[in-house]
Amino acid sequence: MNRRKLVLSMALLALFSALGSGISVYTTIRTAVSLEGGNLYSATAERLDSADVLDRAGFDGTPLTGRLFQDLDGSGHLRVVRTLGRPESLPIHEGRQMRATDERVALVGHQVETRSDEGRQWVDYEGQAFMVIGRLGVRADSGLARDVLLQDRDLVVDGPVIVDVEGDAQALPGMRAGAAEPVGGGTDQRTNIDYVSPIVILCGWGLTIFGAGASGLLIAGFRRPVTALEYRLGSRGSRVLMSSVLPLASCAGTVFVTVWGVALASAGAMRSAPEFAAAAGVPLALSIVASAGALAASLWGRRR
C-alpha cells in the first residue's frame, strides 16, 4: 500500500469514527439542554402524591434507570434526588454527574453560595453537609443558576414525588396501578426538534455504519494485490491475513484514541466516556471486520 492509499485509509477511518462520536456528543448535549428546559424533568416524567406508595428499600435491586425528585421547600429550587442506574446526563458545566451509589452529594447552580472546607465545596441542609460535585446548567448563567439538587437516600419528606424513569414507572417497587399522573407544566410538550432529532440521529448512524463498512471493503481492495502476491510466494493464508489486518488495527487504534479524546473534550462536564468510546469504536471495528472478511474471502477463492 503506497502513501496515498495509506493516507486515504486513515482519513476514512477517522471520518466515520468522528461521525459516530459526533452523533453521540450531539445526543448527550441535546438531551441535557432538553432537561434544562424542562426543569430537569423529561417529557415522560410522572407525579406521585406521596412517597408512601413506593418501596424505597427495593430501589437498589430495580433494573430501571432514571431519577426521583422531591421538593424540599416548596420553591422548586431545592430538591432531593434519587438516582437509579445510569440515566441521561443532567445539564452541568462543571464537575461530574451524580451516580446511583453517591451519598450526601450535591449539584448546585452558579449563584448558590457554598462553603469551602479541606479544599472541597459544601452546602448545608438541616445540619447535614453535602459535598458539591458539580455545577448545574449547560452554562453558568442558565435558568438553573439558583437550583440545588441533594442526594441522600435517608432524606425523605412528605409531599409529591416526581418519577422520571426510562420505561414504565409502574415497574418501580411498591408502585400501585394508576398512582402516577403526567407532570405537565410544559415538560410533556414535545417541540419540533424533539421529533426531528431522532430522525437525524438515526440517519446519521445509518450513514456511519454504511460508510464504515464500505471503507473496510475499499481498504481491503487497496491491500488485495499485496496479499495475492504473498500468497503466491508460498505464505500461509492465515499469516497473510494477519499481516494485513494487524497494521490496519494499529491505525484504527491511533484514530480511536484521537477521536475519543476530542469527543470527551468537546462535551465538557457532560462527557460520558463509555458511550463516547463505543460511538468512536464501533465504526472502526466494523471497518476492520469488513476488511478482514473481504481479504479472507479473496484468499479462500484463490485456494479453491
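The values are calculated or read from the model by the stated rules, or taken from the named source; none is laboratory data. Here the structure is a predicted model, which is why all the values come from computation and not from measurement. Because the Cβ atoms are built from the backbone with ideal geometry, glycine has one as well, and the counts that use them run over all protein chains shown. We work out accessible area using only protein heavy atoms, side chains counted, and drop any ligands, DNA or RNA first. Shrake-Rupley method; radii C 1.70, N 1.55, O 1.52, S 1.80 Å.
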Inset, instruction - On the full set of protein chains, 1.4 Å probe, figure out the accessible area of T27 and give it in Å² to the nearest 10. - result: 40
Legend entry - the chain: equivalent-ellipsoid semi-axes (sqrt of 5 x gyration tensor eigenvalues, Cα, Å): 50, 21, 17
Inset, instruction - Find the accessible area per residue for the chain; the probe is 1.4 Å, ligands and nucleic acids are left out, and the unit is Å². - result: 51
Legend entry - Extension gain, L6 back to R146 (0.36 nm per residue minus Cα-Cα distance, nm): 45.1 nm
Legend entry - Residue among Y41, Y26, Y125 with the largest mean-square fluctuation in a Gaussian network model of the chain, springs linking Cα atoms under 10 Å: Y125
Legend entry - Evaluated at q = 0.17, 0.24 Å⁻¹: base-10 log I(q)/I(0), Debye formula over Cα of the stretch 73-167: -0.75, -1.49
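Counting helices only, and only those DSSP H runs with n ≥ 4, report the 222 nm mean residue ellipticity of the chain as the sum of -39,500 (n - 2.57) divided by its residues, in deg cm²/dmol to the nearest 500. Please list the in-between numbers first.
Numbers: 4 runs with 138 residues, N = 304.
The helix-only estimate for the chain comes to -16500 deg cm²/dmol at 222 nm.
For a quick protection proxy, order the peptides 84-92, 196-204, 223-231 by their average other-Cβ count within 10 Å, most packed first.
Sorting 84-92, 196-204, 223-231 by mean packing, highest first, produces 84-92, 223-231, 196-204.
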Legend entry - Lys/Arg +1, Asp/Glu -1 at C-beta; the chain dipole; positive extreme among V123, V240, M270: V240
Legend entry - Candidates V33, V257, V132, ranked by Gaussian network fluctuation over the chain, Cα under 10 Å, top entry: V257
Legend entry - Cα-projected label distance for A249 with R96, points at 7 Å along beta-carbon direction, nm: 3.1
Legend entry - Rounded percent of accessible protein surface that carbon and sulfur make up, the chain, 1.4 Å probe: 57
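Below 8 Å between Cα atoms, with a sequence gap of 6+, how large is the relative contact order for the chain in percent?
Details: 499 pairs, mean separation 87.3, N = 304.
Rounded, it is 29 percent for the chain.
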Inset, instruction - Could you run the Debye sum over the Cα atoms of the stretch 1-52, one equal point scatterer each and no solvent, and tell me log10 of I(q)/I(0) at q = 0.20, 0.28, 0.29 Å⁻¹, two decimals? - result: -0.79, -0.98, -1.00
